[in-house]
Number of protein chains: 2
Amino acid sequence: MSTSGKSKPSDNQKDPRYHHGNLRRALVDAALGLMVETGGTSFSLREAARRVGVTVNASYRHFRNKDALMVAIAAEGFRRFSQALMDGAATGSSARDRLLGSGRAYVRFARANPSLFRLMFGSVSAGDAGREDEELVLAGSAALDVLKSGLAAFMNKPPESPAVTVAALRAWALAHGLSYLLLDGQLAHLPLDPDALIDQVISADV
Amino acid sequence: MSTSGKSKPSDNQKDPRYHHGNLRRALVDAALGLMVETGGTSFSLREAARRVGVTVNASYRHFRNKDALMVAIAAEGFRRFSQALMDGAATGSSARDRLLGSGRAYVRFARANPSLFRLMFGSVSAGDAGREDEELVLAGSAALDVLKSGLAAFMNKPPESPAVTVAALRAWALAHGLSYLLLDGQLAHLPLDPDALIDQVISADV
DNA sequence: TCCTTATGTGTACAATGCTCACATTGATCC
DNA sequence: GGATCAATGTGAGCATTGTACACATAAGGA
């Protein structure tokens with residue numbers, strides 16, 4: 001039988017096995033957790049590895065360097081983001097409501113995941129490391145496509161038409177800017193409910 | 001006489017004097033330079049001090065820690081930003097043109113100073129260190145006031161009226177979002193001239 | 001002139017990102 | 001089965017960083 005004297009992978013729940021199984025994913029999750037706890041966009045590679053129960057150097061088998069890990073986190077963020085946008089759109093029945101739903105979801109996502117949102121649109125993602133990462137680029141453009149197709153449906157025009165492109169850009173910029181301003185607390189002095197604010201600002205546009 | 005054997009402050013142009021004169025300012029400038037060279041939002045406190053020709057610890061006489069330096073840089077950024085917005089407004093004659101001028105200046109500033117812009121609206125400024133810094137808060141709200149007063153003039157209403165507040169918010173969000181999208185290179189695939197894009201997106205709103 | 005405060009230096013420490021050499025694992029081929 | 005080998009992990013070590021503490025020097029008023 002295969003039950004040798006040495007411990008098998010399933011002998012212990014505390015992951016005593018040499019090979020982790022999916023270190024890459026575990027590191028992304030751990031780093032994300034650290035960011036949430038800190039509130040900022042930065043984290044310690046060593047600390048993340050420590051949490052996973054692995055040496056720092058093990059992470060270098062899955063990521064070329066720390067920036068690469070951050071890019072992976074950003075990509076994961078964009079995937080969740082796209083999903084959130086689609087879920088938001090699904091709440092509406094008319095094309096207009098679906099569009100508004102995405103807009104609300106956009107801002108809500110930013111407010112719910114400030115660190116992740118900042119990382120996704122931060123300098124690392126925009127830098128060389130991010131632009132050369134196919135996974136990130138793909139996940140990023142997928143998010144825009146959700147908005148774009150929503151607008152195309154609303155405007156009843158092909159998604160690639162110039163009118164839709166510019167309109168999508170406007171809508172995107174609006175949601176994006178509003179998200180950031182809320183994150184920065186720069187709207188804290190306004191006596192308005194954030195959710196109401198979203199509707200007021202966004203709905204005036206469409 | 002005051003000419004002792006030791007070197008006087010003015011004996012040498014290379015700043016041999018013990019007391020630097022304005023280390024605080026010099027450190028801000030050096031750090032800003034480093035950020036520009038790196039392209040990112042981060043820099044090394046030690047490297048900045050090195051450039052100024054001073055020990056790292058000297059900087060702790062002027063800033064409680066590195067975050068404090070970053071906050072000071074952000075504040076300086078907001079001051080330049082306000083000036084840029086005012087300059088942009090000054091190019092127009094009508095209220096509408098002045099408003100558009102600010103909008104263009106907003107986006108142009110972001111594109112011209114990506115690192116600084118990111119720092120200004122980054123997590124450090126939004127965090128505790130930033131919110132508790134009077135200088136930053138003041139400089140930040142001054143920038144918004146430029147937009148607000150411009151809109152108030154255009155709408156011919158008092159700056160504090162609800163209509164102006166919401167409109168300013170929309171305009172701000174639009175410019176802010178557009179700036180970020182451009183910085184992130186997320187609009188690079190569009191076959192549009194950025195400057196034309198600005199006008200197209202902004203002018204449709206007012 | 002002395003004393004005080006502001007400003008700077010020197011030494012030191014823990015933490016971090018990263019590199020290189022080595023160890024272990026698990027699948028594949030004979 | 002056992003040998004082979006790439007994938008995956010460990011360990012020691014290095015330069016750099018942010019920060020703290022004790023001390024040195026400068027500048028200016030009593």
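The values are calculated or read from the model by the stated rules, or taken from the named source; none is laboratory data. A quick note: this is a predicted structure, and the numbers were derived from the prediction, not measured. Here the Cβ is made from the backbone with ideal geometry for all residues, glycine too, and neighbour counts use every protein chain on show. Surface accessibility is based on the protein's heavy atoms, side chains included, excluding ligands, DNA and RNA. Shrake-Rupley method; radii C 1.70, N 1.55, O 1.52, S 1.80 Å.
Could you please report the charge total around B:Arg118, scoring K, R as +1 and D, E as -1 over all other residues with beta-carbon less than 14 angstrom from its beta-carbon?
On the way: positive: A:Arg118, B:Arg111; negative: A:Asp184, B:Asp184.
Spelling it out: positives minus negatives among the neighbours equals 0.
I'm checking a number: the convex hull volume of the Cα atoms of region B:77-150, normalised per residue, in Å³. What is it?
Values: hull volume 5.1 nm³, N = 74.
It is 69 Å³ per residue.
Please work out how much length the chain gains when fully extended from A:Ser141 to A:Glu47, using 0.36 nm per residue of separation minus the C-alpha to C-alpha distance, in nm with one decimal. Walk me through the numbers before you get to the answer.
Details: separation 94, 0.36 × 94 = 33.84 nm, distance 3.13 nm.
Separation in residues times 0.36 nm, less the Cα-Cα distance, equals 30.7 nm.
Can you give the translational diffusion coefficient of the protein assembly as shown in µm²/s, computed by Stokes-Einstein from the Kirkwood radius over Cα pairs at 37 °C and 0.692 mPa s?
Details: Rh = 23.5 Å.
Result for D is 140 µm²/s.
Taking DSSP loops as anything outside H, G, I, E and B, show the longest stretch in chain A free of GluC sites (Glu not before Pro) there with at most 15 other beta carbons within 10 Å. Please list the in-between numbers first.
Working: sites that count: A:Glu132, A:Glu160.
The longest uninterrupted stretch comes out as A:1-131.
What nm distances, shortest first, do you get from the label point of B:Ala58 to those in the other copies when the point sits 7 angstrom along Cα to Cβ?
In ascending order, 4.6 nm.
So how tilted is helix A:194-203 from the main axis of chain A? Cα-based, degrees 0 to 90, rounded to 10.
Result, in degrees: 50.
Taking the C-alpha atoms of region B:17-63, how large are the radius of gyration and the largest Cα-Cα span, Dmax, in Å?
Cα-based Rg and Dmax for region B:17-63 come out at 10.3, 32 Å.
Keeping all protein chains in place, calculate the accessible area per residue for region A:65-203 (probe 1.4 angstrom), answer in Å².
40 Å²
With axes computed from alpha carbons, what is the tilt in degrees of helix B:95-112 against the longest principal axis of chain B, rounded to the nearest 10 within 0 to 90?
Roughly 40 degrees, rounded to the nearest 10.
If you wrap a convex hull around the C-alpha atoms of chain B and split its volume per residue, what is the figure in Å³? Please list the in-between numbers first.
Working: hull volume 33.9 nm³, N = 206.
Given the Cα convex hull of chain B, per-residue volume reads 164 Å³.
Taking Cα atoms, how many degrees apart are the long axis of helix A:23-38 and the longest axis of chain A, rounded to 10 and kept between 0 and 90?
Helix A:23-38 and the main axis of chain A meet at about 60 degrees.
Taking a label point 7 Å out from Cα toward Cβ, give me the nm distances from A:Arg46 to the same spot in the other copies, shortest first, one decimal.
Output for A:Arg46: 1.4 nm, nearest copy listed first.
Mean-square fluctuation check for chain B, GNM, Cα pairs under 10 Å: which of B:Leu151, B:Leu190, B:Leu100 is largest?
Comparing B:Leu151, B:Leu190, B:Leu100 in a Gaussian network model of chain B, the most mobile one is B:Leu190.
Sum -39500 (n - 2.57) across every DSSP H segment of at least 4 residues in the protein assembly as shown, then divide by the residue count to get the 222 nm mean residue ellipticity, nearest 500. Walk me through the numbers before you get to the answer.
On the way: 21 runs with 276 residues, N = 412.
The helix-only estimate for the protein assembly as shown comes to -21500 deg cm²/dmol at 222 nm.
Between chains A and B there is a rotation axis; tell me the chain A residue with the nearest beta carbon and how many whole Å away it sits.
Measuring from each Cβ to the axis, the minimum is at A:Gly177, 2.
So which residues of region A:162-176 lose at least 10 Å² of accessible area, probe 1.4 Å, when you go from the chain by itself to every protein chain present?
The answer is A:Thr165, A:Val166, A:Leu169, A:Arg170, A:Trp172, A:Ala173, A:Leu174, A:His176.
Can you give the Kirkwood hydrodynamic radius for region B:52-117, in Å, rounded to one decimal and based on Cα pairs?
Working: mean 1/r = 0.0732 Å⁻¹.
Taking the inverse mean of 1/r over all distinct Cα pairs, region B:52-117 comes out at 13.7 Å.
Calculate, for region B:17-63, the solvent-accessible area per residue in square angstrom, rolling a 1.4 angstrom probe over the heavy atoms of the protein chains. Don't jump to the answer; show the numbers that get you there.
Working: 2860 Å² over 47 residues.
Result: 61 Å² per residue.
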